[in-house]
Structure formats: structure tokens, C-alpha cells
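Remarks on the structure that follows.
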Amino acid sequence: MEEQQKKKRIFSAIQPTGVFTLGNYIGAVSNWGKLQDEYECIYAIADLHAITVMQEPAALRKNTMNAFALMLACGMDPKRSITFVQSQNPHHAELSWVLSCSTMFGELSRMTQFKDKSQKHADNINAGLFTYPVLMAADILAYNADLVPIGADQKQHLELARNIAQRFNQRFGETFVVPDGYIPESGARLMSLQDPTKKMSKSDENANATIFILDDKDTILRKFKRAVTDSDTEVCYREGKDGINNLMSIYSVVTGKTYDEITAEFAGRGYGDFKTAVGEAVADHLEPVRTEYARLSADKAYLTECMTNGAQQAYRLTSKLLRKVYRRVGFIDRL
Ligand code: TYM
């Protein structure tokens, strides 16, 4: 009998800093679900990363529970994939320390997200914010993941994870798989609806800039109606039409239509119609997620059970590798 080929492994994570945005969903989380049959998938709620900016403890705990429920509502199936909360597997933090000793200060200084976040949180430029990408590398490398589905903004961090893995392997012998990114062609960088030159973000101060995936239909329609576009009237994808390009990429992802088809559909109809259509399509697309989230959030016992099982599975998976890493760097055997 032909030997069954081992499935490739996937790891990704999202921070529990509030309801996921349409950017999180289209850029990353909606793809996670689609990969579950073809790959061995491991998905985490990155609460360790979340504390690099100020968090109120009770709110963080609540947001972590909610983010876990939301991840399942977006299609992650704890029976087919490992779904867990990062801090519940201590190996991430342990490996992060070891890897930080194979990461250069200069490399971390070049991370654009560090520069952005230190500007935004000038009163709290803590060491965790600086070493954040090392922890992210540990998340990925601890599972020997082959592929990492992420949005474009995490590409630089993934590159760093690859460099750290290669450096460690060179120095201590083959230990880590060097992971590849899995970045969607369309929707890898959704932009703010109010300033389409800026990334759509959870923490935007302008309430109309961001679609949250639990927004109700009226809210979604209203935000799209107010989306900033340009003084032109033609719905087409072209350089300089940042707002329309952004709406087109959203509409294309949720309807499966090509840019040419979209341009044809709205020929002679103007932006108003287009914005309404994008809003309708997004709201309909997200409706099942809202319904499933409401159902799951009412079942705390189930969520806790999934979380615990997931953390135990994750811990078991990373134990062997941690043992290997400790031995390679010259520590006395782990207990
Ligand atoms: P986070 O929580 O900021 O975002 C989660 C995922 O959503 C993607 N994303 C976007 N995609 C398209 N358009 C946008 N506007 C947009 N905003 C966010 C992100 O690229 C990401 O894939 N450090 C990570 C979490 C993390 C992680 C990991 C990811 C921790 N450990 C290991 C991969 C592997 C983060 O803060 O993502």
C-alpha cells in the first residue's frame, strides 16, 4: 500500500484585543478555516502578545474568552484543528527566551511594527514590545510549522522568524523547519474606510474606519456608505483610487467576482450603488459568523473544554521540540 503522505503543518494566531476586524477576517482568519482539511492546523489566541500594550486584566481575560469563541465561530473546528490560548502552553515563552539569544538587536530595531507601536504608545515602550517578533517566531517554530497564513503586515515578522530558524539551525544543527508565509492575493491589506492610505485596524479612533465582524447589518451599511472614495465616478481598479480599490478588493473576496466583472456590474451606476452593494455583500457574508458566535458564547462550559483540550494538545506537540532545543543549546535535560 502506498504510504500516506504526512500533512503539512500550519500555525497562525490573532491577538485578543477586541472583536476581529474585517481586515483580520479577510486577510487571515477566513483562510485559516479553509485550510483545515488539507493541513494539520494549529491556531492560537495570542494573549502573551497582547500585553505588550497596556491591558486591563479583567478585560483581557474576557476578551480572550470572546476571541476564542469568535475564532470557532469563524469556522475553526476544535475536532479537526488544535485551537488554544497561547499563555496556556508555557513552551512559547520558554522557547522565546532561547530564540532571543539568536536574534540581533539591529534586526529587531528594523521592525516597522515596533516603530509604529512605539510612536503610538510612547509612554509604554517596554522590552516586550521590542522582542514581540521573537515570541512570534517561537509560536511558529515550536510547532515546526511549514506555512503561516497571515496578512501582509506580518510579513516582516515572518521573515525574521525564518532568519532566526536558519541561524539557529546553522549554529546548533537542523532543529527548526523554516516556515513559509501564506498571504492571500486579494485582501492581504485591507485599508481604513476613512483613510484608505492607512491599514484597517482595531484601534482606529474613527468609529467609521473599521468594520468589526460582529457589527450588525445597519452599522455595516452605514460605515460603507460613509467610506471615503474620490471625485471620480467610475468603479474600476486603478492607481490613485485607493478608496475604490479597497472596496473592490473587499467586494471581490466576498462575492468571488473579478475586478473586470465588478467594473462591468457598476458601469454607469456611480459610487452610491457600489457602496451599498459592498455593504450588503459583507453583511450577508458575516451573518453566519454572528449567529454562530451568539450560540457559542452562551456555552461557556463547551468553550472552556475546547480551550483546555487545545492547550493540552499544543503542549504535547511542543514538548519534544523543547527538549531537543534545550539539549542542543547545552542545558541539563528538562525535568
Ligand atoms: P493581529 O492580531 O494584529 O492580526 C491577526 C491577523 O490579521 C491580519 N490583519 C490584516 N489583514 C489584512 N488587512 C488588515 N487590515 C489586517 N489587519 C490585521 C494580520 O496580518 C494577522 O495575520 N503578531 C500577530 C499575531 C501572532 C501571530 C503569531 C501570527 C502572534 N503569533 C504567529 C502568525 C504566527 C498579530 O498581532 O496579528
Convert 20 °C to kelvin, take the viscosity as 1.002 mPa s, use the Kirkwood radius over C-alpha pairs of region 1-77 as Rh, and evaluate the Stokes-Einstein diffusion coefficient in µm²/s, rounded to a whole number. 157 µm²/s
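Give the relative contact order (percent, whole number) for the chain; include only Cα pairs under 8 Å separated by 6+ residues. Can you show the working numbers first?
On the way: 521 pairs, mean separation 72.1, N = 335.
Once divided by the residue count of the chain, the mean separation gives 22 percent.
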Counting only Cα atoms, I'd like the Rg/Rh figure for region 217-294, Kirkwood definition for Rh. 0.99
Estimated [θ] at 222 nm from DSSP helical runs (n ≥ 4, -39500 (n - 2.57)) normalised by residues in the chain, nearest 500: -16000 deg cm²/dmol
Relative to the compact-globule estimate 2.2 N^0.38 Å (N residues), the Cα gyration radius of region 16-143 stands at a ratio of 1.10
As straight-line cross-link partners of Lys34, the qualifying lysines (C-alpha separation under 16 Å, not fewer than 8 residues apart within one chain) are Lys7, Lys8, Lys79
Can you give me the distance in nm between label points at Asp195 and Arg327, each placed 7 Å from the Cα along the Cα-to-Cβ direction? 5.3 nm
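Normalising by the residue count of region 217-294, find the relative contact order in percent from Cα pairs under 8 Å and 6+ residues apart.
Details: 76 pairs, mean separation 30.9, N = 78.
40 percent.
Find me the longest stretch of the chain that has none of the exposed GluC sites (Glu not before Pro), where exposed means in a DSSP loop (not H, G, I, E or B) with at most 16 other Cβ atoms within 10 Å.
Numbers: sites that count: Glu2, Glu3, Glu38, Glu174, Glu185, Glu205, Glu234, Glu239.
The longest uninterrupted stretch comes out as 39-173.
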Any residue on another chain or 5+ positions along whose placed amide H is under 5 Å from the amide H of Met191 is listed here as Met200
Surface/4 of the Cα convex hull for the chain, nm²: 20.1 nm²
Once amide hydrogens are built 1.01 Å from N within the peptide plane, the residues lying 5 or more places from Cys41 or on another chain with amide H under 5 Å from its amide H are Ile10, Ile82
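Cut-off is 10 Å between beta-carbons; in what order do Leu221, Leu135 appear when sorted fewest neighbours first?
Working: Leu221 18, Leu135 22.
By the 10 Å Cβ count, ascending, the order reads Leu221, Leu135.
Hey, with R₀ at 41 Å, roughly what FRET efficiency would Leu335 and Gln166 work out to, going by the Cβ-Cβ distance, to 0.05?
Working: r = 30 Å, r/R0 = 0.73.
Computed FRET efficiency for Leu335 and Gln166: 0.85.
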Using 0.36 nm per residue, how much length does the chain from Glu239 to Ser109 gain when fully extended, once their Cα-Cα distance is taken away? 43.6 nm
Filtered hits (lysines, Cα-Cα < 18 Å from Lys199, offset >= 8 within chain) -> Lys115, Lys117, Lys120, Lys155, Lys223, Lys241
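Does region 266-335 come out rounded, prolate or oblate, given a ≥ b ≥ c as the square roots of the eigenvalues of its C-alpha gyration tensor, rounded meaning a/c under 1.5 and, failing that, prolate meaning a/b above b/c?
Details: a/c = 8.05, a/b = 2.25, b/c = 3.58.
Oblate.
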Once amide H atoms are placed 1.01 Å from N in the peptide plane, what residues at a sequence separation of 5 or more from Val85, or on another chain, have their amide H within under 5 Å of its amide H? Ile45, Ala311
Separation of alpha-carbon centers, region 106-160 and region 73-93, rounded to whole Å: 20 Å
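Quick note: the coordinates plus some simple rules give every number you see, no bench work behind them. It should be emphasised that the depicted structure is a prediction, and the values quoted were computed from it without experimental measurement. Every residue, glycine among them, receives a Cβ derived from its backbone with ideal geometry; neighbour counts consider all protein chains shown.
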